[in-house]
Amino acid sequence: MKIFVDETGWIQLLHAKAPHHSRVAGEIERAVRNGDTLFTHNIAVGEALSEIKKNLGSEVAGKFIDVIEEAYTGAYLNILWIGRRTQKEAVRMFRRNPEIPLGLYDFAASIFMKRRRIRLIITTKKAFAQLGLKVLPEPGE
């Protein structure tokens with residue numbers, strides 16, 4: 001199975017007191033154990049790193065970088081890079097869908113997911129469901 005993790009998913013994973021920490025940690029552990037592949041993009045990693053450093057400190061931010069590097073070199077994680085083409089597509093999608101409360105790089109994530117036939121995303125942004133994606137943790141969890 002292929003699973004995308006956005007910046008909120010990474011933050012939930014690293015912040016032990018976050019409301020969905022245990023569910024997100026469990027989903028990621030299960031994915032690794034089952035040989036599933038995790039995907040994210042470079043902006044999600046950067047946004048998560050900045051937020052983790054701001055709210056949890058440099059030590060936890062350093063651990064996050066270690067987790068990302070270990071997963072990436074261990075073939076559990078694919079980091080996708082937002083280039084010019086994806087950026088342009090995301091801007092068009094952002095403009096076409098003003099009613100969906102997602103940011104530009106959320107639309108870029110959805111473009112990557114569509115290209116790679118990824119249907120599951122670990123995020124706290126429930127609006128991804130409006131794009132036909134299965135969101136974990138599910139609403140109400």
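Within segment 108-129, count every residue that is touching a Pro at 6+ places or on another chain (Cβ under 9 Å) and in a helix (DSSP H, G or I). Result for segment 108-129: 3.
Of the set (1) under 14 Å from the mean Cα position of the chain (by Cα); (2) farther than 16 Å from Leu120 by Cα; (3) buried (at least 19 other Cβ atoms within 10 Å of the Cβ); (4) not hydrophobic (A, V, I, L, M, F, W, C), all apply to Glu47 but (3). Check Glu51, Glu27, Glu59, Glu47 and return the single one that is touching a strand residue (DSSP E or B) at 6+ places or on another chain (Cβ under 6 Å), acidic (Asp, Glu) and in a helix (DSSP H, G or I). Exactly one residue qualifies, and that residue is Glu27.
Hey, among the residues in segment 78-105 that are of a type in the set (Phe, Trp, Tyr) and closer than 18 Å to Trp10 by Cα, which one's surrounded by the most Cβ atoms within 10 Å (Cβ to Cβ)? In this case the residue turns out to be Tyr105. Of all residues in segment 51-77, exactly one satisfies the criterion of being surrounded by 13 or more Cβ atoms within 10 Å (Cβ to Cβ) and of a type in the set (S, T, N, Q), namely Asn55. If only residues of segment 1-24 that are among the aliphatic types (A, V, I, L, M) and closer than 24 Å to Trp81 by Cα are counted, the one that is surrounded by the most Cβ atoms within 10 Å (Cβ to Cβ) is Val5. Among the residues of segment 105-141, those that are at pLDDT 95 or above, closer than 24 Å to Ala18 by Cβ and among the aliphatic types (A, V, I, L, M) comprise Ala108, Ala109, Met113, Ile118, Leu120, Ile121, Ile122, Ala127, Ala129, Leu131, Leu133, Val135.
The values are calculated or read from the model by the stated rules, or taken from the named source; none is laboratory data. These figures come from a predicted structure and were not determined experimentally. Glycine also receives a Cβ, built like all others from the backbone with ideal geometry; neighbour counts cover every protein chain displayed.
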